[in-house]
1. For the range 96-108: of the residues being at pLDDT below 95 and surrounded by fewer than 19 Cβ atoms within 10 Å (Cβ to Cβ), which is nearest to residue 31 (Cα to Cα)?
2. Just to be sure, is residue 88 modelled with pLDDT of 90 or more and under 27 Å from residue 422 (Cα atoms)?
3. Can you go through 551, 508 and tell me which one is touching a strand residue (DSSP E or B) at 6+ places or on another chain (Cβ under 9 Å) and either modelled with pLDDT of 95 or more or closer than 30 Å to residue 452 by Cβ (or both)?
4. Which condition breaks for residue 229 when tested against (1) assigned by TED's automatic domain parsing to the domain that holds residue 282; (2) modelled with pLDDT under 90?
5. Quick check on residue 243: is it surrounded by 20 or more Cβ atoms within 10 Å (Cβ to Cβ) and assigned to a loop (DSSP other than H, G, I, E, B)?
6. Select from the range 514-552 the residues that are surrounded by 21 or more Cβ atoms within 10 Å (Cβ to Cβ) and under 18 Å from residue 137 (Cα atoms) and write down the one among them that is nearest to the chain's Cα centre (by Cα).
7. Might you check whether a residue that is buried (at least 24 other Cβ atoms within 10 Å of the Cβ) and either assigned by TED's automatic domain parsing to the domain that holds residue 505 or not in a helix (DSSP H, G or I) (or both) occurs anywhere in the range 266-276?
8. Tell me, yes or no, whether the range 463-478 has at least one residue that is in a helix (DSSP H, G or I) and either at pLDDT 95 or above or assigned by TED's automatic domain parsing to the domain that holds residue 132 (or both).
């Protein structure tokens, strides 16, 4: 008889698409000119750096129908900064404006990195700046690059009602020692505008894809699923990018769930190709899990050897990791494959060790074990999904409650990028909108999706129009499809435009342009596992945040039930048949006494462990050596501290 301990804490043949009932929602936005056009296009109004700076750096201004900053960097590796600014006799007032937009076009230049563009405002005391990475070499118009005013450095202390100077600059940081040759180019600017967020149109309702031509959506969905399966290597991994044979972690969680949804099992045995592919991937993940419980970020698909272990700061990227235990749980609930249970247990234990009692989600340095809050709310969204997939609504709601307090921009009505950034980012807003709508916060979800459709809309270098992650610079298929999966306003328009650009093999590209590292994103037009997974969900009218219906009940996983204060320095876990008590051995030198009571107050058992022992069988605590199902009180005595916890024991 398997017993469970449950511990409660206190508290591709594409045919034409036709859509009919889409709401009238206009993507993008219009604003007011910050500088009058006659002044903006007067070359004499702009003051450049000295015509010749040390090292041979120089710049000058010309205007035609746009403002052109001609820049030239001389030889040598150093900080290079070429600026043109305009002075105002009467200060400008942008105090009521929430978003600033600008069109920028670069030019072909010798170096394809390290050529940044800066927009700066000055109030006479402070300055507020924003820098677009590597944008000076994009030789096409990047239209309506939108910034929330709060994205600028010093935004909180800057006097936006008293702007005396506005400047544009081309910047090169001295971090590329090989960058020593002469270089030059032209950056052009037009349509410097601003808008108040309250004036932006918001949608009235969520928008599902129309079902007029259901066969078309079914065909797209089926082709996407088949294309995902065909990306599987002999290792079981799926190729995120066929071009370099790399397999990145996040997309495998999405894809495993898709293969599982399409798979068929009988008596836990796979009986179609999707089920076989799901099993191959799940077994690879179970076998390649790190002892701590996480997975490397990327592998070589053919060899199964990892190529990226953790982030550059040695932490686990939480926007990726939780998708894997979530995918494995969905796989187990449909397949009943016991081979993945231990892996899910280990991953859940690792995950719970990173969630504070107040719902804060942390990451961890895998070498120093130092924990810090995740810097991107994608990590919260992925964690909350995983908790729901594992059946833990209590902890999921704790994390969501923390997001309501710390993550929501109540004045502009969107989800911030993370605890330290107010940048509107697409996946944060589409992921959290999906989760919060399901939790009953429909107004919030619709507001954030509406705003994303305004400030992240782009036409990129051509077709299809869509949304970008942070730019907007080019159409990001993955992000646009995540928006459609979240039923964002205008989804029918976006999908109808995008469908013509689905590859003949059923996949979609990552972006509609190949720009490399640009403006905070990495844009390539390669066929993408991640984007194709979102295509599947969009066409299916589903979200990967929908939890999987159980066929096989999830086993009881090791579950963190309490982490007392930092001063007490002790962690308690429970699994199927053991109690894990992990104190700081530098503090707790003596034994820890354990007592077990019935709800009536009768002591039913006791035991002791020392700090090095860590675990004890639950039956070893009981006087009868075999506890019955029921509710108990467990009490710990250590260092003159008494800790009491409710414990429920069940059998199945």
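1. 107
2. Judged against the criteria, residue 88 is not a match.
3. From the options 551, 508, the qualifying one is 508.
4. (2)
5. Here the answer is no, as residue 243 does not meet what is asked.
6. Going through the qualifying residues, I end up with 521.
7. no
8. In the first step, residues of the range 463-478 are kept if they are in a helix (DSSP H, G or I); the result is 477-478.
If we keep only those that are either at pLDDT 95 or above or assigned by TED's automatic domain parsing to the domain that holds residue 132 (or both) as well, we get 477-478.
Yes, there is a match, as at least one residue in the range 463-478 is in a helix (DSSP H, G or I) and either at pLDDT 95 or above or assigned by TED's automatic domain parsing to the domain that holds residue 132 (or both).
The values are calculated or read from the model by the stated rules, or taken from the named source; none is laboratory data. Every value quoted in this text rests on a predicted model; they were computed, and no experiment measured them. Ideal geometry is used to build each Cβ from the backbone, glycine not excepted, and the neighbour counts take in all protein chains shown.
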